[in-house]
Every structure is written in C-alpha cells, then in structure tokens.
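See structure below.
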Amino acid sequence: MINVIGLGYIGLPTALMLAVSGNTVVGTDKNENVVNSLKNNRLTFQEKGLNELFSRAVENGIQFTEEYMEADVYIISVPTPYDKVSKKVDTGYIEAAVHSVLKVCREDSFIVVESTISPGVIDKNIRPIVNEAGKAVKLAHAPERIIPGAMLYELEHNSRTIGADDRETGEKLKEIYGSFCKGEIVLTDIRSAEMSKVVENTFRDINIAFANELAKICRSDDLDVYEIIRIANKHPRVNILSPGPGVGGHCISVDPWFLVGDYPGLANIILAARKINDSMPEFVLERIREIMELRGINDTSRVGLYGITYKENVDDVRESPTLQLLECMKKHLASPLLCYDPMVKERIVERQAFSLDEFLEKTDFVVIMVGHNEIIEYSDKLKDRIVLDTRRCLPGDAYHL
Ligand code: SAJ
C-alpha cells in the first residue's frame, strides 16, 4: 500500500496516477477541508484531465483521510514554503509529516520525499529525525518535474530521478514509479537528486532572465526583441525563451535562491538572473507610465491588468508577476490597478473585476500580464483599447515590452 501525504498540486495527481496504475493508494492530508472536498468528489484545483483521472482513481478504490496509515511506501509531497527575506526553505511541513509517518510505519517501509528542497536537507533535517526514531526505514528523494498545465501528460512521459542510499531501495521505488511513468527513471544518490532538481529550475530561470535582459536592451535602443529572438533562434544551437512581465510560480522563482544562499560568492550568474527576473514587474510599470505619457493618459483609474495567475491557463497565483507589480505600486504609494483573471474566482486583490466584460467596461488601457486562452479567443474585444501585451500573445497592434 502507498500512502501519499499532502494532496496539493503534486501529491494529488501523483496519488491518482498511482491508483489507476494498479497500486493500492491512500491519500492523506492534514487539511480537513481538502479531505472532505475529495471525499465528496470535488477537486481542489483545476488541471487538464484531472477530473477524468480522479473518477478513474475513485473507481479503483483510492481513499482520502486525515490519518497516516501503515504502508509499504510513503510519498511525501507537502509544501516547502520559503522565507522571503532569508530565502531559506522551511522544511517544517516535511519534518512534521516524517514524524507522523514514523509513528505508524513498519521497519521495512520506504519514505520518499517529493517536495522540492534545498540541497542537503535530507541529511541535515530529515535523517536525524529518522535516526532518533530508531526505525530502519529507507529514505529517498524523488523530486517531481511536472509542469502546471500539462501535469498528467508529464507525469506519465517525463524522465524522473530517484535518489536513494542503496541500489535495492532505488530499484524497489523504480518499480513503483514505473507503474505509471513511461519515461526513463534514473537512479542516483540522495544529494545528487536534491541538487539536480534545483539545478533544472535554475537553468530555466537563467534562460528566462536572458530573454528579459534582451527585452530591456532592445527597448533602450528601439529594437524589437521578438524579431531579434525569432531570427537568433534560427541558429541550430540557439533557443532563446520569451521575455515576460516576470517569473512566478512556486519553483523557478524560489529554487535558485537556495543555491545563492548555500554557495555565496560562487552562485553569481544565478544571482544576477534572479535579480533581472525580479526586476521585470517594475520594468512593466515603467512601460505603463511611458505609454500613458505617450497617449496623454494622466491617471491610472482606467488602466487594468489582465491576468493574476503566474502563467497562462492555470489557477495558481503564487509569486505571480501581477501580484509583484501590485506590491511595487504599493511601495510607491500608488493606488492599485484594477485586475481581472478568468481563472481566479475569488477576490484576492483590492480592485478586481469578475468578468471580461466588467473589466473592459472599466478600462481604456489594458495590460496583458498573462496570455490565457480566454483573451486570445476574445482579442477582438480589445480593438478599441490601448493594449500593452507583455507576453506578445495577441495578434494585431499592441505595445510590447
Ligand atoms: N516564463 C517566461 N518566459 C518563458 C517561460 C516562462 O517569462 O519563456 C515565466 C512564466 O510565465 C512563469 C515562470 O516563467 O511566470 C515559470 O513558468 P514555467 O512554465 O517556465 O515553469 P513552472 O514554474 O510552471 O514549472 C517549472 C518547470 N521546471 C522547468 O521547466 C525546469 C517544471 O518542470 C517543474 O516541475 C516546476 O517548475 C516545479 O515544480 O519545480
């Protein structure tokens, strides 16, 4: 039996996937609302294909509970928040989960940490807890790699990494993950698994930072960055990413800080990239001001931000560039802009519209922060508006970064 602990963005799809692939699965979450919602067949977030997978997993007998179970394998995918000031990962939830597991598990159980952690956390924070409990359980780290928006496809098709202390543990876990994962499953040690995960997200952060820096360079010299990137990408070994209003999400904007914090003086490009990406919301604000001047708009009451989530077609707002931009405005004591996002149904910002029509009625100048399918489909509704398209996702005339 597999006990998946933490039924959020990673734990839930993983538990469902295991359940439809011939495993007996119990999903545990300490949040009563999450468990009740799942027991009543209500999903707690949206993701392509999740409804259907959920129904199949329920048919296959998946259970949801607040209890920790006696199981062969525990998969821990609880949140790892990070402290915005110290940039250090908070392993409190993992530690609490491991403590609870150790109370119920057998000596021959496996505890797999999937949550993203900074390199060294298993040895520094988790292993001592296990040693103290005196149970000979096997530890492993199997960091997830799935991308919101294509999570289920990627769970099945991505390669994945399993870090373990010995070959036997790795092979046993490979069998379990292999029940649904068709990609290559690479076995390594725990420290290498921890490091490779953080390195992957850092690689992407640096590459996005390069595109963002190019956007600033091109803007300063009146060049079209998209044209430059389009041409450069014809080179067989060049693949520049897209500039945008900043980097959000709980991973890419967070993980590189672990390296900066742990390797001061060595992690230089990584730090520079973080700073560039973090500066983008401010850069968007400057563009808004420039365009307002150009178009003779002198107050922000009819300027609106389209999109609050951290990227297109997901409902996750963690570290989103729009929220970062609102923070910048607050710092300058500016009153917040009106926001709207079709994926965000609850009020999360001070001035928020709840339909595209309501949003457009109240705005003359629309800043596209997120390229949701909705705005691409209804882009003709913007034809009488001034538009700053920070994602270059719309056809037709608009201002860009
Ligand atoms: N972004 C750009 N320009 C781009 C690509 C992305 O500005 O060309 C922005 C996005 O809009 C978003 C942020 O970067 O704000 C991050 O988005 P993303 O789609 O690049 O990645 P995430 O955060 O959704 O998921 C990443 C993935 N990691 C890598 O691609 C290396 C995913 O595979 C990981 O599982 C995930 O982090 C995680 O959980 O670690």
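The values are calculated or read from the model by the stated rules, or taken from the named source; none is laboratory data. Every value quoted in this text rests on a predicted model; they were computed, and no experiment measured them. Note: ideal-geometry Cβ built from the backbone for every residue, glycine included; neighbour counts use all protein chains shown. Accessible surface areas use protein heavy atoms only, side chains included; no ligands, DNA or RNA. Shrake-Rupley method; radii C 1.70, N 1.55, O 1.52, S 1.80 Å.
Odds and ends about this structure:
- Kirkwood Rh and Cα Rg combined as Rg over Rh, evaluated for the stretch 130-208: 1.03
- Restricting the stretch 250-316 to GluC sites (Glu not before Pro) in coil, as DSSP defines it, with at most 15 other Cβ within 10 Å: none
- Relative compactness, the stretch 281-357, computed as alpha-carbon Rg over 2.2 N^0.38 Å: 1.09
- For the stretch 1-125, the share of accessible area belonging to carbon and sulfur comes to 46 percent (1.4 Å probe, ligands and nucleic acids excluded).
- Label-to-label distance for residue 184 and residue 222 is 5.0 nm, based on points extended 7 Å past Cα in the beta-carbon direction.
- Ordered from highest to lowest accessible area with the whole protein assembly present and a 1.4 Å probe, 110, 359 read as 110, 359.
- For residue 314, the accessible surface of its heavy atoms amounts to roughly 10 Å² (probe 1.4 Å, protein chains only, rounded to the nearest 10).
- Hydrodynamic radius of the stretch 181-275 per Kirkwood, over alpha carbon pairs, in Å: 15.1 Å
- Our summary gives the stretch 83-172 a relative contact order of 27 percent, counting only alpha carbon pairs under 8 angstrom and 6 or more residues apart.
- Loop-located GluC sites (Glu not before Pro) across the stretch 346-382 with a Cβ neighbour count of 11 or fewer within 10 Å are 346, with loop assigned by DSSP.
- Solvent-accessible area of residue 219 with every protein chain in place, 1.4 Å probe, in Å² to the nearest 10: 70 Å²
- Using the Cβ-Cβ distance between residue 127 and residue 328 with R0 set to 45 Å, the FRET efficiency works out to roughly 0.65.
- Subtracting the Cα-Cα distance of residue 361 and residue 383 from 0.36 nm times their residue separation leaves 6.6 nm of extension gain.
- Among 332, 250, the sequence by solvent-accessible area, most first, with a 1.4 Å probe is 332, 250.
- Think of the chain as a dipole: +1 on every Lys or Arg Cβ, -1 on every Asp or Glu Cβ, centred on the Cα centre; then among 270, 147, 203, 270 lies furthest on the positive end.
- Taking 20 Å as the straight-line reach from the Cα of residue 124, the lysines in range (excluding those fewer than 8 positions away in the same chain) are 87, 88, 135, 138, 197.
- A protection proxy built from the mean count of other Cβ atoms within 10 Å ranks the segments 95-104, 59-68, most packed first, as 95-104, 59-68.
- Ranking 117, 348 from most to least accessible surface, computed with a 1.4 Å probe over the protein chains only, gives 348, 117.
- Residue-level accessible surface for residue 166, protein heavy atoms, 1.4 Å, Å²: 50 Å²
- Nearest-20 debye value, the stretch 112-167 charge dipole, Cβ charges on Lys, Arg, Asp, Glu: 160 debye
- Restricting the calculation to alpha carbons of the stretch 236-279 gives Rg and Dmax of 11.9, 35 angstrom.
- log10 of Debye I(q)/I(0), alpha-carbon scatterers only, for the chain at 0.06, 0.11, 0.14 Å⁻¹: -0.27, -0.87, -1.26
- For chymotrypsin sites (Phe, Trp or Tyr not before Pro), the sites in the stretch 364-401 that DSSP calls loop and that have at most 15 other Cβ atoms within 10 Å are 378.
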